[in-house]
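Have a look at the structure below before the remarks.
The values are calculated or read from the model by the stated rules, or taken from the named source; none is laboratory data. Since we're looking at a predicted model, the values are computed, not measured. Quick reminder, even Gly has a Cβ in these numbers, built from the backbone with ideal geometry, and neighbours come from all protein chains shown. Accessible surface areas use protein heavy atoms only, side chains included; no ligands, DNA or RNA. Shrake-Rupley method; radii C 1.70, N 1.55, O 1.52, S 1.80 Å.
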Amino acid sequence: MLTRKQHELLAFIQKRIEETGVSPSFDEMKDALDLKSKSGIHRLITALEERGFIRRLAHRARALEVLRTADQVARGARSDRPAARGFTPNVIPGNFPFRGEPPVAAPRPGEGPESVDLPMYGRIAAGTPIEALRDPSTSIAVPATMLTGGDHYALEVSGDSMIDAGILDGDTIIIRQCDTAENGSIVVALVDDQEATLKRLRRKGQSIALEPANPSFETRIFGPDRVKVQGKLVGLLRQY
């Protein structure tokens, strides 16, 4: 559920609060995790807060409350998401092709079953980017008509940065594996070879913009060598 750095930061915050009663400063967190800047700490804190592991206490400096401990994460404690989702993803580097279960090729028109089992590669943030996750033992049945040719896999959306595109937290998205996409396509993008995110792709000159579909989130601009397309959104499943 957490990346290695997120888990390390949660454990460090928990230990410091237990020892001193005060949460560590951003500089102390940066040094403890051997990061070069505090921006990385801001991102990790936001990710932990979004996932319900910590809470910032209002009107108090350096005030963080640990809601779920690192020990609970190590024991495989799950969030309060419905158990019907049926998997606990493990952290891996977000660099396709995935090890384990390979993507599934779409059947040819008029051939194959009415539904196809796709590997469920785990959860992907539709908010702050996170490392790609997967559980190689989990698959999901999808209508064969949703597959558009090529290899496919499924991901569960975490976050709400794509809500205006009709993609909600907890949705299952179907991704066709590819390394290029048209301008304006919603893609799985790999940033700096380690963080995967679901965003709309825009090319602007020599730069690449990853656009959210929620005005509460900012568009992020990267150089062309920092972003790799990992797949294109072709379908969505939702349970009510």
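Structural remarks
- Any helices (runs of 4 or more DSSP H) falling wholly within the range 1-50 and containing at least 2 residues that are over 30 Å from L155 (Cα atoms), small (G, A, S) and open to solvent by 30 Å² or more (accessible area, probe 1.4 Å): none
- Summed over the range 149-170, residues that are more than 14 Å from L233 (Cα to Cα) and open to solvent by less than 10 Å² (accessible area, probe 1.4 Å) total 2.
- Number of residues in the range 197-216 that are buried (at least 18 other Cβ atoms within 10 Å of the Cβ) and touching a residue at least 24 places away in the same chain (Cβ under 8 Å): the value is 7.
- Filter result for V229 (open to solvent by less than 60 Å² (accessible area, probe 1.4 Å), assigned to a strand (DSSP E or B) and more than 27 Å from G40 (Cβ to Cβ)): no
- Scanning the range 217-226 for residues that are surrounded by 14 or more Cβ atoms within 10 Å (Cβ to Cβ) and either of a type in the set (S, T, Y) or touching a residue at least 60 places away in the same chain (Cβ under 8 Å) (or both) yields a single hit, F217.
- Residues within the range 180-193 that are of a type in the set (D, E, K, R) and at pLDDT 90 or above, tallied: 1
- Residue list for the range 138-148, restricted to those being farther than 16 Å from Q239 by Cα, open to solvent by less than 50 Å² (accessible area, probe 1.4 Å) and in contact (Cβ under 8 Å) with a residue 40 or more places away in the chain: T138, M146, L147
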